[in-house]
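Each value in this text was obtained by applying a stated rule to the coordinates, not by laboratory testing. Note that the structure is predicted; figures quoted are calculated from it, not measured. We place every Cβ from the backbone using ideal geometry, glycine too, and count neighbours over all the protein chains shown.
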Amino acid sequence: MTQDIGDLDGLVRRRIRALRVAQGWSLEELAARANLSQSSLSRIENGRRRLALDQLVTLARALDTTLDQLVETAADDVVISPTIDGAHGRMRWPVKADPGMSVIRQRVTEPPPDNPARMRAHPGREWLVVLSGTAILMLGHRRFRLETNQAAEFPTMMPHAIGAEGGPCELLGIFDRDARRGHQRDGGDLDTPGIRE
């Protein structure tokens, strides 16, 4: 256990220095932002001064991060394998940092609905990128044509639907917690008509 604490101690010290350098700040600048002396900050970074919780909180704020992020350790399960729904041409990856978020890769073959009543609206935000082909995003009364490598982000309270144009397209979508719940209630992903969970 002592070795683990030592590893974490060293990691936090290296992280403080790396965040300071990434901001382009000198020891003096960060020390002023954190209300510490320059020599105290130098000793913290170099391991010659004990890390105190109150100083870590202050340093985290000064570095525009949180205490959790400052002390988090790398997880052993860095690689995430998708769940695959071959029947609908869909892969889903959970976002570990926010279990309410999902990343979904999906093949879309149908055009968007002609009937505006088939568009959905629900709380949340969505982001999507077209991996291949051409997609049509219907947002209210507006129609957007998205080519390969183009992306869109929109609030899902706006009635919306997505379909393919001129053949199948592949999409990668990111759903926040509210958008994900909206799709689970409606029974689909990426607002494609006829697709079910």
Show me the ranking of peptides 109-118, 153-162 by mean Cβ neighbours inside 10 Å, starting with the highest. 153-162, 109-118
Taking 0.36 nm per residue of separation and subtracting the Cα-Cα distance, what length does fully extending Thr148 through Ala121 add? 7.2 nm
Here the FRET efficiency for Leu8 versus Arg43, based on Cβ atoms and R0 = 22 Å and rounded to 0.05, is 0.75
Could you give the length gained by full extension between Glu29 and Gln69, i.e. 0.36 nm per residue of separation minus their alpha carbon distance, to one decimal place? 12.3 nm
